[in-house]
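Written below as structure tokens is the structure these notes are about.
The values are calculated or read from the model by the stated rules, or taken from the named source; none is laboratory data. Owing to the predicted nature of the structure, the values given are computational and were not obtained by experimental measurement. Cβ atoms come from the backbone with ideal geometry, glycine included; neighbour counts cover every protein chain shown.
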Amino acid sequence: MQNLSARPGWLETLRAYRHPRVVTMLFLGFSAGLPLLLIFSTLSLWLREADVSRSTATYFSWAALGYSFKFVWAPIIDKMPLPGLTRLLGRRRSWLFVAQGAIITAILWMAFTNPVDNLTPMALAAVMLGFSSATQDIVIDAYRIESAESRMQALMSSAYIAGYRIGMLVAGAGALKLAAWFGGDVGYDYTAWRGAYIWMAVAMGVGVVTTLVVSEPEVEQKESRYLNSLQDYIRFLALFLIAVTTFILTFVYSAPLVETLKQALGGVLGEHALTGFIAELVRLVLALLVAGAAARIAISIGVARHEVLQETYVEPMADFFRRYGRLALLILVLVGFYRVSDIVLGVISNVFYQDMGFTKHQIADITKTFGLVMTILGGFLGGGLALHYGVMRILFLGAVLSAATNLLFLLLAKSGANVSLLILVIAADNLSAGLASAAFIAYLSGLTHISFTAFQYAVFSSLMTLFPKLLGGYSGTIVDSIGYCSFFLITAALGVPVLLLVYLAGRYMPVAERQDI
């Protein structure tokens, strides 16, 4: 193994992008990015053309639950072998193959379902797509971390980001163009959307072929002390299903309680975004507590052994706190808030562009297509810089740029529909976002222990977006209250504490855990 303390030259850095593991992540990233928009924006347009009401379309928000809580079933991916397949393909590739098969099945299910007559089956297919896609994410993350040394993680992250964005472009603009080509300008045409989704299922073949061609990571798996038979695995799976079902039911049926809490908080704090955020956070915590209680009851009546829960959920987190000590809490806060500035602004960005007077074509060409190119370039730049200068330095640089580029939106808010300025803002914003994301993914990868890769990274990646998305959901309310200029100042200010968190995390990182950061 190379000396991790030595910084490679730039020519060596460029050559490293040709490493087979780095190229593999480009194709697996494509496979991960493709399903996302087939659940959200592309599906939303399909439903709108099918004259499905906006209130009914919210039914499909269930499909997003898998991405936010994938850590719940990550231990199953880590511990449970698949009969026959695991022996043939290996632990990671077998689960990857199954997840990709489920994704293709879900996409085809959606393709052959007309939402005009079969809205509930369409919703179930979307939920299946979200769950199977989140499962694929768990396996790809674990595969990336286990298949190369820590110094390669930044390059692999940048290749993954590039593939992910290309997959999103294919599922977004590509699917819409296919639907338009199949259907022409005749209004709603179910067969056009069916054809587009069938071709999206075919495009998932890129991931399947990659899974079958690449080799399994050469990592010695830690044997489970308590999951030693098929009966043990079935009981563990039953415990998981009980907890998840309880969580979903509690989350859904606690909506009236949340509305009551909002009204009560509104009387004390006033009607603004903070009241809604607190109420939704209480709802989430309540659902988690009830699910945890249901799991404990299930264990007490013998559905599964307490030791299994200890080994699959408690030990991975105990390992993290044992390795980082008091620094662990600071790291978790950093993980939860590193991307808050970008995500909160990104939620309302399209609305902002429309309010400024930009046309749909300008928004699509500049913010989507050109923005995609800049994000990919930023990802590759971030990976190369992290390999050359170290992850923590580029993590800090990414935080600075993310906060600073938000201030550019102030200029855009005062200039109106200035196309040249929009190009400049999108170039700076997406370049910095790609750079920061590549460094951040590499940082998260370095935090995991090889014995608990899937679960620990799933926790980090879920935490990474959970709080920013909760805050982002109220960005429209905040803008209505204080206006765009003040909003952009606040999003930039949110990035300032992140700089301190990155500095402290780097300064007090245990020597044994620094690897190449």
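Go through T312, T275 for me and flag whichever is within 26 Å of T465 (Cα to Cα), of a type in the set (S, T, N, Q) and assigned by TED's automatic domain parsing to the domain that holds T250. Write out each step before concluding.
Numbers: T312 fails: assigned by TED's automatic domain parsing to the domain that holds T250.
Within the list T312, T275, the selection yields T275.
Cβ separations smaller than 9 Å between residues 6+ apart or across chains give the following pairs from the stretch 66-77 residues that are closer than 16 Å to L129 by Cα to residues that are surrounded by fewer than 22 Cβ atoms within 10 Å (Cβ to Cβ) and basic (K, R): S68/K469. In the stretch 191-211, which residues are surrounded by fewer than 18 Cβ atoms within 10 Å (Cβ to Cβ) and of a type in the set (S, T, Y)? Within the stretch 191-211, just T191 meets the criteria. Just wondering, is there one or more residues in the stretch 2-23 that are in contact with a Phe, Trp or Tyr (Cβ under 7 Å, 6 or more places away or on another chain), at pLDDT 85 or above and either in the same structural domain as M204 (by TED's automatic domain parsing) or more than 27 Å from M168 (Cα to Cα) (or both)? Within the stretch 2-23, not a single residue is in contact with a Phe, Trp or Tyr (Cβ under 7 Å, 6 or more places away or on another chain), at pLDDT 85 or above and either in the same structural domain as M204 (by TED's automatic domain parsing) or more than 27 Å from M168 (Cα to Cα) (or both).
Scanning the stretch 302-335 for residues that are modelled with pLDDT under 90 and over 18 Å from H449 (Cα atoms) turns up G302, V303, A304, R305, H306, E307, V308, L309.
Somewhere in the stretch 473-485, is a residue closer than 18 Å to S157 by Cβ and either touching a helix residue (DSSP H, G or I) at 6+ places or on another chain (Cβ under 8 Å) or not hydrophobic (A, V, I, L, M, F, W, C) (or both)?
Within the stretch 473-485, not a single residue is closer than 18 Å to S157 by Cβ and either touching a helix residue (DSSP H, G or I) at 6+ places or on another chain (Cβ under 8 Å) or not hydrophobic (A, V, I, L, M, F, W, C) (or both).
Among the residues here, L387 does not qualify as at pLDDT 90 or above and surrounded by 17 or more Cβ atoms within 10 Å (Cβ to Cβ). Restricted to helices (runs of 4 or more DSSP H) entirely inside the stretch 270-340, no element has at least 3 residues that are under 27 Å from Y443 (Cα atoms), touching a Lys or Arg at 6+ places or on another chain (Cβ under 6 Å) and charged (D, E, K, R). Restricting attention to the stretch 41-65, the residues that are closer than 20 Å to G167 by Cβ, modelled with pLDDT of 70 or more and surrounded by 18 or more Cβ atoms within 10 Å (Cβ to Cβ) total 3.
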